[in-house]
There are 2 protein chains.
Amino acid sequence: MTLRIAEIFGPTVQGEGALIGEPTVFVRAGGCDYRCSWCDSLHAVESAYRHDWAAMGHDEVMAEIRRLSGGLPLTVSISGGNPAIQDFGPLIALGKEEGYRFACETQGSVAQPWFAALDTLVLSPKPPSSGEQIDWGKFDRCLELARGCGQAVMKIVIFDEVDYGWARDAAERYPDLPLFLQPGNPDVDPTHPVDLQVAVDRLLWLIEKVTGDRWFTPRVLPQLHVLVWGNKRGV
Amino acid sequence: MTLRIAEIFGPTVQGEGALIGEPTVFVRAGGCDYRCSWCDSLHAVESAYRHDWAAMGHDEVMAEIRRLSGGLPLTVSISGGNPAIQDFGPLIALGKEEGYRFACETQGSVAQPWFAALDTLVLSPKPPSSGEQIDWGKFDRCLELARGCGQAVMKIVIFDEVDYGWARDAAERYPDLPLFLQPGNPDVDPTHPVDLQVAVDRLLWLIEKVTGDRWFTPRVLPQLHVLVWGNKRGV
């Protein structure tokens with residue numbers, strides 16, 4: 001059985017969320033059941049790009065992770081697209097034998113038994129600005145299957161006031177799930193440099209919203225990779 | 001018994017290290033046993049500023065934390081200066097009764113019994129570029145007294161190759177201590193805006209060092225407050 005892989009790259013550092021700053025190799029799965037208006041990874045989402053995705057065996061993916069990391073175990077970040085539409089269980093089992101740790105980010109629309117084998121599951125439900133609509137029943141099912149994983153956390157991208165209000169409701173629904181907020185990046189053209197001041201101003205806006213409302217439970221973080229590399233791929 | 005307090009401010013978010021992005025109120029202690037060449041908080045270090053430091057009772061400090069946070073418990077970050085030259089035990093006890101959590105950052109030169117009552121102890125030994133010299137015996141004593149605290153972590157600021165090599169040795173000495181690295185900020189004039197591109201380039205340099213060396217244990221993080229507010233005080 002093969003995986004559809006858009007890219008494997010690293011080592012770099014995780015740019016966002018619970019593992020921000022952690023050295024990692026990314027495995028980006030090809031294919032997604034969503035099509036968010038502001039998606040920054042269309043090359044792993046749009047089926048127009050599907051001929052660029054490699055069909056790889058789990059052992060081949062693991063060999064590439066091993067090559068990139070020099071055989072030294074680190075955290076592997078499985079992203080996408082939505083990696084939960086494929087079966088990453090065998091890859092995780094292979095890697096764990098060698099001491100690798102696994103994190104996976106998914107929107108929470110598809111639940112997988114292999115979530116339980118993860119060190120970190122990042123559930124990132126998409127706010128209204130995405131144009132997608134969450135099915136909380138499916139999200140709950142993801143949480144159920146994640147029981148036994150190292151940690152499950154929630155991450156929400158915030159573009160505007162509507163997203164912010166939506167995030168507050170989501171947080172109320174899952175008071176026990178550690179929450180990470182990050183400002184949205186509307187500037188997703190990989191050929192165009194990101195305006196650092198604009199990115200920083202969006203972070204400031206979100207920090208001021210959260211602290212001004214005395215909402216003390218979420219952590220507010222930027223996307224480091226956007227600050228450091230703009231929208232360049234493979235870093 | 002009173003505390004010497006340089007400033008109390010917030011709520012804002014923690015800008016660096018293990019709690020990066022977490023909403024917090026800062027309590028900055030006045031006075032330090034070090035004088036790092038690149039200190040960014042001289043107003044809490046140099047005795048020339050001591051007349052600006054308030055002598056406050058623990059209950060007065062707690063009242064101010066309560067006022068700033070609207071009585072809603074959050075993480076209180078005790079910084080300095082070196083807060084470990086004073087006794088913050090009574091403040092921590094007062095705050096914990098009301099559900100506040102406490103983090104403290106210190107260089108590890110003075111050990112205090114109240115370290116054990118902290119939720120997070122950040123030990124930040126100063127690298128060679130500081131001009132200070134670490135006494136590892138005292139550092140070890142800090143770790144001993146921290147037993148029983150929520151988590152103890154190490155954070156090292158890196159200005160140059162020498163600091164980097166020193167950090168690798170420190171990490172080898174404490175393989176079980178979670179490690180956070182951050183690029184140094186040489187640009188500490190509060191009246192002068194920070195050049196974002198320079199700050200980001202320093203982060204990129206450190207990320208490339210760490211991942212290039214396949215050193216996968218530390219997390220590499222920027223100082224968010226420097227990116228967002230430059231060296232402005234009270235944020």
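Each reported figure results from applying straightforward, stated rules to the coordinates on display, with no laboratory input. Computed from a predicted model, the values in this text were never measured in an experiment. Every residue, glycine as well, gets a Cβ built from its backbone with ideal geometry; the counts of neighbours run over all protein chains shown.
Exposure proxy for A:192, B:43: other Cβ atoms within 10 Å of each Cβ, ordered fewest to most, give A:192, B:43. Listed peptides B:218-230, A:82-94 appear in the order B:218-230, A:82-94 once ranked by packing, highest mean of other Cβ atoms within 10 Å at the front.
So if we plug the beta-carbon distance of residue A:133 and residue A:52 into 1/(1 + (r/R0)^6) with R0 = 35 Å, what FRET efficiency do we get, rounded to 0.05? Efficiency at R0 = 35 Å is approximately 0.75. Position residue A:1: other-copy label points at 6.2 nm, ordered by increasing distance, label point 7 Å along Cα→C-beta. Inter-part distance, the range B:27-83 to the range A:187-206, computed on C-alpha centroids, equals 33 Å. Per-residue Cβ neighbour counts within 10 Å put A:172, A:98 in the sequence A:172, A:98, beginning with the fewest.
Mean per-residue shielding of peptide A:13-20 is 3, counting Cβ atoms of other chains within 10 Å of each Cβ. In the elastic network of chain A, a GNM with C-alpha springs shorter than 10 Å, the most mobile of A:121, A:206, A:72 is A:72. In plain terms, the residue of B:53, B:205, A:114 with the fewest other Cβ atoms within 10 Å comes first and the most crowded comes last, giving B:205, B:53, A:114. Each other copy places its own label point for residue A:50 at 7.4 nm from this one, sorted shortest first, where the point lies 7 Å along the Cα-to-beta carbon line.
Partner shielding of A:220-230 amounts to 4, given as the average count of beta-carbon atoms from other chains within 10 Å of each residue beta-carbon.
Overall dimensions of the range A:129-195, expressed as equivalent-ellipsoid semi-axes from the Cα gyration tensor (√(5λ), whole Å, largest first), are 26, 15, 12. Under 5 Å between amide hydrogens, built in the peptide plane, is the criterion, and for residue B:151 it picks out B:120, B:121 among residues at least 5 positions away or on other chains.
The rotation axis bringing chain B onto chain A passes closest to the chain B residue reported with its distance as B:196, 2, by C-beta distance in whole Å. With 32 Å as the limit, the listed pairs A:96/A:126; A:96/A:138; A:155/A:232; A:96/A:209 have A:96/A:209 beyond it between alpha carbons. For the protein assembly as shown, a simple Cβ point-charge model (Lys and Arg +1, Asp and Glu -1, everything else neutral) yields a dipole of about 440 debye relative to the Cα centre. What's the long-distance tail for the range A:104-235, i.e. % of Cα pairs beyond 19 Å? Result for the distance tail: 53 percent.
Semi-axes of the equivalent ellipsoid of chain A are 27, 20, 17 Å, computed as sqrt(5λ) over the eigenvalues of the C-alpha gyration tensor in descending order. Please give the helix A:58-68 orientation as an angle from the longest Cα principal axis of chain A, in degrees from 0 to 90, rounded to the nearest 10. It works out to around 70 degrees. Counting from the shortest, the label point at residue A:63, 7 Å from Cα toward Cβ, is 7.1 nm from the same position in each remaining copy. For chain B, modelled as a GNM whose springs connect Cα atoms under 10 angstrom apart, the maximal fluctuation among B:186, B:125, B:11 occurs at B:186.
In order along the range B:162-173, the Karplus-derived 3J(HN,Hα) couplings, from 6.51 cos²θ - 1.76 cosθ + 1.60 at θ = phi - 60°, round to 5, 4, 4, x, 5, 5, 4, 5, 4, 5, 5, 5 Hz, and Gly and Pro are given as x. Legend: mean number of C-beta atoms from other chains within 10 angstrom of residue C-beta atoms, peptide A:67-75, equals 2.
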